[in-house]
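Below: one structure, written as C-alpha coordinates.
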Amino acid sequence: MNQETFWNSVEQRISAATGRSFIARQRRAIGGGCINQAWRVSDIDQAYFVKINVASGLPMFEAEAAGLAELAASGAVRVPEPIGWGSAAGQAYLALEYLPLGGSGSGQSMKTLGRQLALLHRQPRPYFGWQRDNTIGSTPQLNERAEDWITFWRERRLGFQLQLAARNGHGGALQQQGEILLEQFAGLFAGYSPTPSLLHGDLWGGNTGCATSGEPVIFDPAAYYGDREADLAMTELFGGFPEGFYAAYQETWSLDAGYPQRRTLYNLYHILNHLNLFGGGYRSQAERMIQQLLAELK
(Lines give C-alpha, C1' and ligand atoms only; values in the text may rest on other atoms or scores of the structure.)
Protein backbone atom coordinates (compact mmCIF):
# COMPACT_ATOMS: atom_id res chain seq x y z
CA MET A 1 0.00 0.00 0.00
CA ASN A 2 0.98 3.65 -0.32
CA GLN A 3 2.00 4.29 3.29
CA GLU A 4 1.70 8.05 3.25
CA THR A 5 -1.69 8.05 1.54
CA PHE A 6 -2.96 5.53 4.07
CA TRP A 7 -1.66 7.32 7.16
CA ASN A 8 -2.86 10.69 5.87
CA SER A 9 -6.35 9.22 5.68
CA VAL A 10 -6.11 7.89 9.24
CA GLU A 11 -4.88 11.24 10.54
CA GLN A 12 -7.67 13.11 8.77
CA ARG A 13 -10.32 10.77 10.15
CA ILE A 14 -8.99 11.12 13.70
CA SER A 15 -8.82 14.91 13.34
CA ALA A 16 -12.40 15.08 12.06
CA ALA A 17 -13.70 12.80 14.81
CA THR A 18 -11.97 14.58 17.68
CA GLY A 19 -12.09 18.15 16.41
CA ARG A 20 -8.34 18.42 17.04
CA SER A 21 -5.65 18.39 14.40
CA PHE A 22 -3.67 15.18 14.55
CA ILE A 23 -0.48 14.30 12.70
CA ALA A 24 1.23 11.06 13.75
CA ARG A 25 4.78 12.03 14.69
CA GLN A 26 5.44 8.50 15.94
CA ARG A 27 4.14 5.15 14.68
CA ARG A 28 5.01 2.01 16.58
CA ALA A 29 3.91 -1.50 15.61
CA ILE A 30 2.39 -3.51 18.46
CA GLY A 31 2.48 -7.30 18.41
CA GLY A 32 0.17 -9.84 19.92
CA GLY A 33 -2.70 -10.12 17.43
CA CYS A 34 -3.20 -12.87 14.85
CA ILE A 35 -6.02 -11.24 12.84
CA ASN A 36 -4.98 -7.59 12.40
CA GLN A 37 -1.90 -5.44 12.40
CA ALA A 38 -1.83 -3.04 15.34
CA TRP A 39 -0.09 0.31 15.78
CA ARG A 40 0.27 2.99 18.41
CA VAL A 41 0.33 6.40 16.73
CA SER A 42 0.96 9.63 18.57
CA ASP A 43 1.84 13.30 18.36
CA ILE A 44 3.01 15.44 21.25
CA ASP A 45 -0.06 14.99 23.47
CA GLN A 46 -2.41 12.54 21.70
CA ALA A 47 -2.10 8.79 21.20
CA TYR A 48 -4.35 6.29 19.44
CA PHE A 49 -4.48 2.56 18.83
CA VAL A 50 -4.96 1.71 15.15
CA LYS A 51 -5.93 -1.72 13.82
CA ILE A 52 -5.30 -2.48 10.14
CA ASN A 53 -6.56 -5.18 7.80
CA VAL A 54 -7.30 -5.58 4.10
CA ALA A 55 -9.93 -3.26 2.64
CA SER A 56 -12.57 -6.00 2.69
CA GLY A 57 -12.20 -6.11 6.48
CA LEU A 58 -13.91 -2.73 6.93
CA PRO A 59 -17.30 -4.25 7.90
CA MET A 60 -15.49 -6.20 10.65
CA PHE A 61 -14.10 -2.94 12.04
CA GLU A 62 -17.46 -1.18 11.72
CA ALA A 63 -19.09 -3.97 13.73
CA GLU A 64 -16.34 -3.85 16.33
CA ALA A 65 -16.82 -0.10 16.76
CA ALA A 66 -20.56 -0.61 17.16
CA GLY A 67 -19.93 -3.34 19.74
CA LEU A 68 -17.59 -1.15 21.74
CA ALA A 69 -20.16 1.66 21.68
CA GLU A 70 -22.85 -0.75 22.92
CA LEU A 71 -20.65 -1.95 25.78
CA ALA A 72 -19.67 1.61 26.68
CA ALA A 73 -23.31 2.74 26.74
CA SER A 74 -24.00 0.23 29.52
CA GLY A 75 -21.74 2.23 31.84
CA ALA A 76 -20.74 -1.07 33.44
CA VAL A 77 -17.13 -1.58 32.35
CA ARG A 78 -14.35 0.39 30.66
CA VAL A 79 -13.70 -0.18 26.96
CA PRO A 80 -11.58 1.83 24.53
CA GLU A 81 -13.61 4.48 22.74
CA PRO A 82 -13.88 3.99 18.96
CA ILE A 83 -12.59 7.17 17.26
CA GLY A 84 -12.93 6.53 13.54
CA TRP A 85 -12.71 3.93 10.81
CA GLY A 86 -12.42 3.77 7.05
CA SER A 87 -10.29 2.50 4.19
CA ALA A 88 -7.51 3.94 2.07
CA ALA A 89 -4.82 2.61 -0.23
CA GLY A 90 -6.27 -0.91 -0.17
CA GLN A 91 -6.37 -1.15 3.63
CA ALA A 92 -9.12 -0.85 6.24
CA TYR A 93 -8.50 0.66 9.65
CA LEU A 94 -10.09 1.26 13.03
CA ALA A 95 -8.72 3.99 15.30
CA LEU A 96 -9.41 3.61 19.01
CA GLU A 97 -8.65 5.46 22.20
CA TYR A 98 -5.21 4.36 23.39
CA LEU A 99 -5.42 3.02 26.94
CA PRO A 100 -2.01 2.31 28.49
CA LEU A 101 -2.17 -1.10 30.13
CA GLY A 102 0.22 -2.30 32.75
CA GLY A 103 -1.59 -2.46 36.03
CA SER A 104 -1.94 -5.72 37.93
CA GLY A 105 -4.31 -8.14 36.22
CA SER A 106 -5.12 -10.00 39.43
CA GLY A 107 -6.34 -9.18 42.89
CA GLN A 108 -8.65 -6.25 43.36
CA SER A 109 -8.87 -5.27 39.69
CA MET A 110 -10.13 -8.73 38.72
CA LYS A 111 -12.68 -8.69 41.54
CA THR A 112 -13.85 -5.36 40.16
CA LEU A 113 -14.09 -6.87 36.68
CA GLY A 114 -16.20 -9.73 38.04
CA ARG A 115 -18.69 -7.29 39.53
CA GLN A 116 -18.66 -5.14 36.41
CA LEU A 117 -19.29 -8.09 34.12
CA ALA A 118 -22.35 -9.06 36.18
CA LEU A 119 -23.63 -5.49 35.79
CA LEU A 120 -22.95 -5.62 32.05
CA HIS A 121 -25.00 -8.80 31.86
CA ARG A 122 -27.87 -6.97 33.56
CA GLN A 123 -28.36 -4.94 30.38
CA PRO A 124 -31.50 -6.59 28.92
CA ARG A 125 -33.15 -6.91 25.51
CA PRO A 126 -36.42 -8.61 24.51
CA TYR A 127 -34.58 -10.79 21.99
CA PHE A 128 -31.40 -12.80 21.47
CA GLY A 129 -28.94 -11.59 18.82
CA TRP A 130 -28.04 -8.08 17.85
CA GLN A 131 -28.66 -5.27 15.38
CA ARG A 132 -26.07 -6.60 12.94
CA ASP A 133 -23.76 -9.50 12.26
CA ASN A 134 -20.15 -9.22 13.41
CA THR A 135 -17.15 -11.54 13.64
CA ILE A 136 -15.62 -13.97 16.12
CA GLY A 137 -11.94 -13.68 15.29
CA SER A 138 -12.25 -13.28 11.52
CA THR A 139 -15.17 -15.74 11.22
CA PRO A 140 -18.62 -14.29 10.50
CA GLN A 141 -20.88 -14.36 13.55
CA LEU A 142 -24.59 -14.43 12.75
CA ASN A 143 -26.77 -12.30 15.01
CA GLU A 144 -30.21 -12.35 13.39
CA ARG A 145 -32.67 -11.82 16.20
CA ALA A 146 -34.56 -14.71 17.77
CA GLU A 147 -36.92 -14.99 20.73
CA ASP A 148 -35.86 -18.55 21.55
CA TRP A 149 -32.31 -19.08 22.85
CA ILE A 150 -32.04 -22.77 22.00
CA THR A 151 -32.98 -22.06 18.38
CA PHE A 152 -30.51 -19.19 18.28
CA TRP A 153 -27.65 -21.31 19.64
CA ARG A 154 -28.49 -24.24 17.38
CA GLU A 155 -28.76 -22.26 14.15
CA ARG A 156 -26.52 -19.21 14.54
CA ARG A 157 -23.74 -20.64 16.68
CA LEU A 158 -23.10 -24.42 16.77
CA GLY A 159 -24.90 -25.29 13.54
CA PHE A 160 -23.13 -22.54 11.60
CA GLN A 161 -19.70 -23.56 12.90
CA LEU A 162 -20.36 -27.21 12.04
CA GLN A 163 -21.33 -26.17 8.51
CA LEU A 164 -18.08 -24.23 8.18
CA ALA A 165 -16.14 -27.22 9.47
CA ALA A 166 -17.75 -29.45 6.84
CA ARG A 167 -16.77 -26.99 4.11
CA ASN A 168 -13.24 -27.00 5.50
CA GLY A 169 -13.01 -30.77 5.15
CA HIS A 170 -13.81 -31.77 8.75
CA GLY A 171 -16.37 -34.52 8.29
CA GLY A 172 -16.78 -37.98 9.80
CA ALA A 173 -17.50 -38.32 13.51
CA LEU A 174 -17.38 -34.56 14.08
CA GLN A 175 -20.36 -34.02 11.79
CA GLN A 176 -22.23 -37.21 12.72
CA GLN A 177 -22.04 -36.63 16.45
CA GLY A 178 -22.44 -32.89 15.99
CA GLU A 179 -25.80 -33.43 14.30
CA ILE A 180 -26.94 -35.63 17.19
CA LEU A 181 -25.89 -32.93 19.64
CA LEU A 182 -27.84 -30.28 17.73
CA GLU A 183 -30.95 -32.43 18.10
CA GLN A 184 -30.44 -33.20 21.79
CA PHE A 185 -28.67 -30.31 23.56
CA ALA A 186 -31.95 -28.70 24.63
CA GLY A 187 -31.92 -31.30 27.40
CA LEU A 188 -29.19 -29.27 29.12
CA PHE A 189 -31.72 -26.47 29.65
CA ALA A 190 -34.29 -28.36 31.71
CA GLY A 191 -35.57 -25.94 34.34
CA TYR A 192 -33.40 -23.09 33.03
CA SER A 193 -34.62 -20.31 30.74
CA PRO A 194 -31.93 -17.68 30.05
CA THR A 195 -32.82 -14.05 29.54
CA PRO A 196 -31.01 -11.95 26.91
CA SER A 197 -27.96 -10.23 28.43
CA LEU A 198 -25.43 -7.94 26.80
CA LEU A 199 -22.33 -10.07 26.19
CA HIS A 200 -18.75 -9.22 25.29
CA GLY A 201 -18.85 -12.40 23.21
CA ASP A 202 -15.12 -13.23 23.09
CA LEU A 203 -14.12 -12.83 26.71
CA TRP A 204 -10.82 -14.63 27.30
CA GLY A 205 -7.73 -13.33 29.07
CA GLY A 206 -6.20 -11.90 25.91
CA ASN A 207 -9.13 -9.51 25.51
CA THR A 208 -8.89 -8.05 29.00
CA GLY A 209 -6.34 -5.81 30.62
CA CYS A 210 -5.74 -3.49 33.50
CA ALA A 211 -5.03 0.21 33.07
CA THR A 212 -2.09 1.68 34.94
CA SER A 213 -4.71 3.26 37.23
CA GLY A 214 -5.85 -0.24 38.23
CA GLU A 215 -9.12 0.02 36.29
CA PRO A 216 -10.04 -3.17 34.38
CA VAL A 217 -10.51 -2.85 30.63
CA ILE A 218 -12.09 -5.20 28.08
CA PHE A 219 -11.69 -4.94 24.31
CA ASP A 220 -11.95 -6.81 20.98
CA PRO A 221 -15.64 -7.68 21.49
CA ALA A 222 -17.93 -9.92 19.46
CA ALA A 223 -20.96 -8.37 21.14
CA TYR A 224 -24.55 -9.62 21.07
CA TYR A 225 -27.40 -10.37 23.48
CA GLY A 226 -27.41 -13.94 24.76
CA ASP A 227 -27.16 -16.21 27.78
CA ARG A 228 -24.71 -14.65 30.24
CA GLU A 229 -23.31 -18.12 30.90
CA ALA A 230 -21.71 -18.04 27.43
CA ASP A 231 -19.46 -15.14 28.51
CA LEU A 232 -18.58 -16.81 31.82
CA ALA A 233 -17.82 -20.08 30.07
CA MET A 234 -15.25 -18.52 27.77
CA THR A 235 -13.42 -16.91 30.67
CA GLU A 236 -12.66 -20.50 31.78
CA LEU A 237 -11.59 -21.83 28.38
CA PHE A 238 -7.97 -20.70 28.04
CA GLY A 239 -6.48 -20.78 31.50
CA GLY A 240 -9.28 -19.09 33.39
CA PHE A 241 -9.42 -15.90 35.44
CA PRO A 242 -8.40 -15.55 39.11
CA GLU A 243 -10.80 -17.03 41.65
CA GLY A 244 -11.62 -13.56 42.99
CA PHE A 245 -13.18 -12.67 39.63
CA TYR A 246 -15.68 -15.54 39.85
CA ALA A 247 -16.44 -14.95 43.52
CA ALA A 248 -17.21 -11.28 42.85
CA TYR A 249 -19.43 -12.18 39.90
CA GLN A 250 -21.37 -14.71 41.98
CA GLU A 251 -21.80 -12.21 44.81
CA THR A 252 -23.29 -9.73 42.35
CA TRP A 253 -25.45 -12.19 40.38
CA SER A 254 -25.29 -15.88 41.22
CA LEU A 255 -25.24 -18.51 38.47
CA ASP A 256 -27.75 -21.31 37.95
CA ALA A 257 -26.75 -24.73 39.31
CA GLY A 258 -26.71 -26.20 35.79
CA TYR A 259 -24.01 -23.87 34.51
CA PRO A 260 -21.13 -26.44 34.70
CA GLN A 261 -22.91 -28.70 32.19
CA ARG A 262 -23.76 -25.90 29.77
CA ARG A 263 -20.23 -24.45 30.03
CA THR A 264 -18.90 -27.20 27.75
CA LEU A 265 -21.69 -26.54 25.25
CA TYR A 266 -20.83 -22.84 25.07
CA ASN A 267 -17.10 -23.41 24.80
CA LEU A 268 -17.61 -25.92 22.00
CA TYR A 269 -18.59 -22.96 19.82
CA HIS A 270 -15.19 -21.35 20.35
CA ILE A 271 -13.26 -24.58 19.85
CA LEU A 272 -15.11 -25.17 16.57
CA ASN A 273 -14.26 -21.62 15.57
CA HIS A 274 -10.58 -22.23 16.35
CA LEU A 275 -10.77 -25.41 14.27
CA ASN A 276 -12.16 -23.41 11.36
CA LEU A 277 -9.54 -20.68 11.75
CA PHE A 278 -6.44 -22.68 12.62
CA GLY A 279 -7.09 -26.42 12.17
CA GLY A 280 -4.69 -28.61 14.10
CA GLY A 281 -5.63 -30.35 17.31
CA TYR A 282 -8.87 -28.41 17.76
CA ARG A 283 -10.74 -31.14 15.87
CA SER A 284 -9.98 -33.83 18.42
CA GLN A 285 -10.80 -31.41 21.23
CA ALA A 286 -14.15 -30.59 19.63
CA GLU A 287 -14.93 -34.28 19.20
CA ARG A 288 -14.13 -34.97 22.86
CA MET A 289 -16.38 -32.12 23.98
CA ILE A 290 -19.26 -33.40 21.85
CA GLN A 291 -18.81 -36.90 23.27
CA GLN A 292 -18.82 -35.50 26.80
CA LEU A 293 -22.03 -33.57 26.18
CA LEU A 294 -23.77 -36.54 24.58
CA ALA A 295 -22.78 -38.71 27.54
CA GLU A 296 -24.29 -36.17 29.96
CA LEU A 297 -27.51 -36.14 27.93
CA LYS A 298 -28.09 -39.89 28.21
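The values are calculated or read from the model by the stated rules, or taken from the named source; none is laboratory data. The shown structure was predicted, so the numbers you read here are calculated from the model rather than taken from an experiment. Backbone-built Cβ (ideal geometry, glycine too); neighbour counts: all protein chains shown.
Would the stretch 98-117 turn up any residue that is part of a helix (DSSP H, G or I) and without any contact (Cβ under 8 Å) to a residue 12 or more places away in the chain?
Checked against the condition, which is being part of a helix (DSSP H, G or I) and without any contact (Cβ under 8 Å) to a residue 12 or more places away in the chain, the stretch 98-117 yields no hits at all.
Which of the residues that make up the stretch 14-42 are over 22 Å from H200 (Cα atoms), in contact with a helix residue (DSSP H, G or I) (Cβ under 9 Å, 6 or more places away or on another chain) and not hydrophobic (A, V, I, L, M, F, W, C)?
Correct list: R20, S21, R27.
Inside the stretch 29-50, can you point out the residues that are touching a Ser or Thr at 6+ places or on another chain (Cβ under 8 Å) and part of a strand (DSSP E or B)?
Y48
Taking only the stretch 265-278 into account, find how many residues are surrounded by fewer than 18 Cβ atoms within 10 Å (Cβ to Cβ) and touching a residue at least 24 places away in the same chain (Cβ under 8 Å).
Final tally of qualifying residues: 1.
Considering each residue of the stretch 181-199, count those that are of a type in the set (F, W, Y) and either over 17 Å from A233 (Cα atoms) or assigned to a loop (DSSP other than H, G, I, E, B) (or both), and give that number.
The number of residues fulfilling the criteria is 1.
Mind counting the residues in the stretch 205-230 that are of a type in the set (D, E, K, R), within 17 Å of H274 (Cα to Cα) and touching a Ser or Thr at 6+ places or on another chain (Cβ under 8 Å)?
Final tally of qualifying residues: 0.
Outside the structural domain of M60 (by TED's automatic domain parsing) and buried (at least 21 other Cβ atoms within 10 Å of the Cβ), is that true of L142?
So L142 does not fit the description; no.
Check whether at least one residue in the stretch 72-89 is out of contact with any Leu (no Cβ under 9 Å at 6 or more places or on another chain), crowded, with 19+ Cβ neighbours inside 10 Å and of a type outside the set (F, W, Y), and report yes or no.
no
Which of the following residues is surrounded by 16 or more Cβ atoms within 10 Å (Cβ to Cβ) and under 15 Å from the mean Cα position of the chain (by Cα): L68, L99?
Selected residue: L68, the only one of L68, L99 that is surrounded by 16 or more Cβ atoms within 10 Å (Cβ to Cβ) and under 15 Å from the mean Cα position of the chain (by Cα).
Any idea which of G214, G178, G171 is over 21 Å from the mean Cα position of the chain (by Cα) and under 23 Å from L68 (Cα atoms)?
Checking each option against the conditions leaves just G214.
Give me the pairs: first residue in the stretch 23-36 and within 11 Å of V50 (Cα to Cα), second residue aromatic (F, W, Y) and assigned to a strand (DSSP E or B), beta-carbon distance under 7 Å, and six or more apart or on different chains, which are they?
Final answer for the pair search is R27/W39; R28/W39; A29/W39; I30/W39.
Return the only residue of A257, A222 being without any contact (Cβ under 8 Å) to a residue 24 or more places away in the chain and assigned to a loop (DSSP other than H, G, I, E, B).
A257
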